[in-house]
Amino acid sequence: MTTSASVPTGPEGAITTDGAVIDRLVQANGEYAAAFTDPGMDARPVLRVAVVACMDARLDLHAALGLELGDCHTIRNAGGAVTDDVIRSLTISQRALGTRSVVLIHHTGCGLESLTEEFRQELEAEVGQRPAWAVEAFRDVDQDVRQSMQRVRTNPFLLHTDDVRGFVFDVKSGLLREIDPA
């Protein structure tokens, strides 16, 4: 099921990837820009919070959290993993742009639950080079959230580690379930 009625399709309803989707996005941007007015905002998030979440397309973070444009920094990747690049973004968010709180959001039915680190070896066999990054696969979403909270709370580059909370978003109900860090 798709949420966009105008996604181009090919034979048997398959979504095409021949550039038509990107053309649609560029066209939508033109329409957006035609009505756009500069909101006059600063790059500093109003709520002084950074949200780290999975890139899963089912997560509409602003709607789920009642956020408006300018409220937060949003950092997304596969699994919402707290990687070196997430730490980089959080460090800049805190030290240069004033955030004080971190919200970590993983979710039910994550694709990383079905992968293993063997994915890297498969890539190496296919392309002749192993990726330098870890897959960050997991089997227990609650434990993965705890690990993410620990990575943030113990990182020496982050100034504000006392207000770090982790959640699992249920993709069927839309509800957040808070994870106890212990």
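Looking at the stretch 25-119, which chymotrypsin sites (Phe, Trp or Tyr not before Pro) are in a loop (DSSP not H, G, I, E or B) and have at most 11 other Cβ atoms within 10 Å? Intermediate values should be presented prior to the final figure.
Numbers: sites: Tyr32, Phe36, Phe119; in loops: Phe36.
Passing sites in the stretch 25-119 are Phe36.
Which percent of the accessible area of the chain is formed by carbon and sulfur heavy atoms (probe 1.4 angstrom)? Show your work: numbers first, answer last.
Numbers: 6130 of 11440 Å².
Answer for the chain: carbon and sulfur cover 54 percent of the accessible area.
Is the shape of the stretch 16-108 best called rounded, prolate or oblate, per the rule: a/c under 1.5 gives rounded, else a/b larger than b/c gives prolate, else oblate, with a ≥ b ≥ c the square roots of the Cα gyration tensor eigenvalues?
oblate
With P(r) over Cα pairs in 10 Å bins from 0, in percent in mind, check (i) 8, 28, 32, 25, 7, 0; (ii) 10, 40, 40, 9, 1; (iii) 9, 21, 15, 13, 11, 9, 8, 6, 4, 2, 1, 0, 0 and report the label derived from this structure.
Only one option fits the structure, namely (i).
Taking every DSSP beta bridge with both residues inside the chain, roughly what % is antiparallel (nearest 5)? Please report the intermediate quantities before stating the final value.
Working: 5 of 22 bridges.
Restricted to the chain, the bridges split so that about 25 percent are antiparallel.
What shape does the stretch 57-99 have by the C-alpha gyration tensor, where a ≥ b ≥ c are the square roots of the eigenvalues, rounded means a/c under 1.5, and otherwise prolate means a/b greater than b/c and oblate the rest?
Values: a/c = 3.66, a/b = 1.21, b/c = 3.03.
Verdict is oblate for the stretch 57-99.
Do you know the relative contact order of the chain, to the nearest whole percent, from alpha carbon pairs under 8 angstrom that are 6+ apart?
Values: 261 pairs, mean separation 35.6, N = 182.
For the chain, the relative contact order is 20 percent.
The values are calculated or read from the model by the stated rules, or taken from the named source; none is laboratory data. From a predicted model like this one, the values you see are computed outputs, not experimental measurements. So basically every Cβ, Gly included, is an ideal-geometry build from the backbone, and we count neighbours across all protein chains shown. Ligands, DNA and RNA are stripped out before the accessible areas are found, and what is left, the full protein with its side chains, is counted by its heavy atoms. Shrake-Rupley method; radii C 1.70, N 1.55, O 1.52, S 1.80 Å.
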